[in-house]
1. If a residue has to be modelled with pLDDT under 85 and of a type outside the set (A, V, I, L, M) to count, how many in segment 248-265 make the cut?
2. Considering only segment 46-53, I want to know if a residue exists there that is under 15 Å from the mean Cα position of the chain (by Cα) and assigned to a helix (DSSP H, G or I).
3. Output yes when any residue across segment 280-291 is open to solvent by 50 Å² or more (accessible area, probe 1.4 Å), farther than 30 Å from Tyr398 by Cβ and among the small types (Gly, Ala, Ser), and no when none is.
4. Restricted to segment 85-107, and to residues that are in contact (Cβ under 8 Å) with a residue 60 or more places away in the chain and loosely packed, with under 14 Cβ neighbours inside 10 Å, which residue is farthest from the chain's Cα centre (by Cα)?
5. Just checking, how many residues over segment 22-39 are in a loop (DSSP other than H, G, I, E, B), at pLDDT below 55 and open to solvent by 60 Å² or more (accessible area, probe 1.4 Å)?
6. Could you identify the single residue in Asp202, Asp157, Asp235 that is charged (D, E, K, R), closer than 30 Å to Tyr55 by Cβ and out of contact with any Asp or Glu (no Cβ under 9 Å at 6 or more places or on another chain)?
7. What are the residues in segment 63-84 that are part of a helix (DSSP H, G or I) and open to solvent by less than 50 Å² (accessible area, probe 1.4 Å), if any?
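The values are calculated or read from the model by the stated rules, or taken from the named source; none is laboratory data. Since the structure is predicted, the reported quantities are computational estimates derived from the model, not experimental observations. Here the Cβ positions follow ideal geometry from the backbone for every residue, glycine too, while neighbour counts run over all protein chains shown. What goes into the accessible areas is simple: the full protein's heavy atoms, side chains included, and nothing from ligands, DNA or RNA. Shrake-Rupley method; radii C 1.70, N 1.55, O 1.52, S 1.80 Å.
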Amino acid sequence: PGRAKRLLLSQLFQPFNLQAGGEVGCDGRAGELSCRSQKLMLQAGLIHPASPGCYHYLPPTVRAMEKLIRVMDEEMQAVGGQKVNMPSLSSAELWHASGRWDKMGTELFRLEDRHGKGYCLGPTHEEAVTELVAAHSNLSYKHLPLRLYQITRKFRDEPKPRFGLLRSREFYMKDMYTFDASEEAARQTYKLVCGAYRSLFDRLGLPFVKVWVATGNISGTMSHEFQLPADVGEDRLVLCPDGRFAANVETLNGEQTSCPTCGEKLTQTRGIKVGHTFYLGTKYSSVSNAVFCSPENKPQLAEMGCYGLGVTRILAASIEVLSTEDNIRWPSLITPYQLCFIPPKRGSKEEEEGAALLDGLYNDIAEALPHLAGDSVLDDRTQLTIGKRLKDANKLGYPYVIIAGKRVCEDPPVFEVWNQNAGEVLFFTKEGVIELLSKAQVP
């Protein structure tokens, strides 16, 4: 109740340097390899390097990540996902049993406790979740399908971390692990989760492609990647122009140049992997003896799948593919703040009346559209011109910028509204502004 609390840009912990030029490396040093998203995120005060491959996520980035996680939760729960949280410390015994302690090699961050017991910091949790399910000996076919997922920090000892959050040593991932009573049921789960991934990327407005790949270190019998085409991508992809075939080049035998379905010549592009799906069969359930009681009252191994989404990688990749060289553009659903308000310049003839009218508009929007009440920033740097603050707002990627300019003193007052994603400038009274903003979505 009462007045909406203002978030002032001068008080937001976002130490940006929007004028910084030149290349910025993976740990912030000049002259090293970088990419658009890394440069923009460093300049905008969205991330700050801590050590090679590790970053501080500053408040706007945490907000974007929390919004993305809410969208992921909606999609995972729509396909029957139940959220869990497993330890980052994973016992070496589990990894030895699955054979991946040696297979993963130096990618694992390994450590010992004071008793000499070995652990790794989990890059993924197949072993841990299978042991968890196997520990419940009364599991019945009636409890299946079981679809468990978490969204948590993961660790991988990258030999050359680079490109900011696109390839880091510590990152956030959504990983789901599924347990089904039969291969047919597991394949149906696979189809459902792939559909949820499609829905997620469609809602974010990201131009993804689903490509076939080999199963690699995870193992299993079927695997696909969800890729965002981008020049900086580390994966080489081949695509059918009619959309009938797509694959990661690494998975193909020899040089395949034509679509195996329609014969059309394949085109090549590069991509950033943002999601990965695997049908695992009984590879892990057989190691941990993750069984359920069948209708015939006999123990039977669960058929498994695993499904990953790179949370922080999606944040960086979306900036990579949607932004210009100088201006950040977010998927509008997960932008840190939907609105930026710019009051008149200090000392201008509109200063007093314009500031009061903008203040009133802020309150009216909070009352009419309460979901946007906490999604607004007021650029109170009134010592700067409106033009300079508008330029900064454009660089930071707010979808809507609302300005109390020269026309705010008209009768009725008219506000200048920049709809950044549509690339248009509009002039509205208070009612028009509220109507426009009613279309803004917040998860």
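1. In the first step, residues of segment 248-265 are kept if they are modelled with pLDDT under 85; the result is 251-256.
Next, from what is left, pick out any that are of a type outside the set (A, V, I, L, M): 251, 253-256.
Selection size over segment 248-265: 5.
2. No, every residue in segment 46-53 fails to be under 15 Å from the mean Cα position of the chain (by Cα) and assigned to a helix (DSSP H, G or I).
3. Among the residues of segment 280-291, at least one is open to solvent by 50 Å² or more (accessible area, probe 1.4 Å), farther than 30 Å from Tyr398 by Cβ and among the small types (Gly, Ala, Ser), which makes the answer yes.
4. Ranking the candidates gives Lys103 first.
5. Residues flagged as in a loop (DSSP other than H, G, I, E, B), at pLDDT below 55 and open to solvent by 60 Å² or more (accessible area, probe 1.4 Å) within segment 22-39 amount to 3.
6. On the way: Asp157 fails: out of contact with any Asp or Glu (no Cβ under 9 Å at 6 or more places or on another chain); Asp235 fails: out of contact with any Asp or Glu (no Cβ under 9 Å at 6 or more places or on another chain).
None of the others qualify; the one that does is Asp202.
7. Ala64, Met65, Lys67, Leu68, Ile69, Val71, Met72, Asp73, Glu75, Met76
Conditions tested, residue by residue: (1) in contact with a Lys or Arg (Cβ under 6 Å, 6 or more places away or on another chain); (2) open to solvent by less than 40 Å² (accessible area, probe 1.4 Å).
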residue	(1), (2)
Ala302	no, yes
Gly308	no, yes
Leu322	yes, no
Phe341	no, yes
Gly347	no, no
Glu353	no, no
Ala356	no, no
Leu361	yes, yes
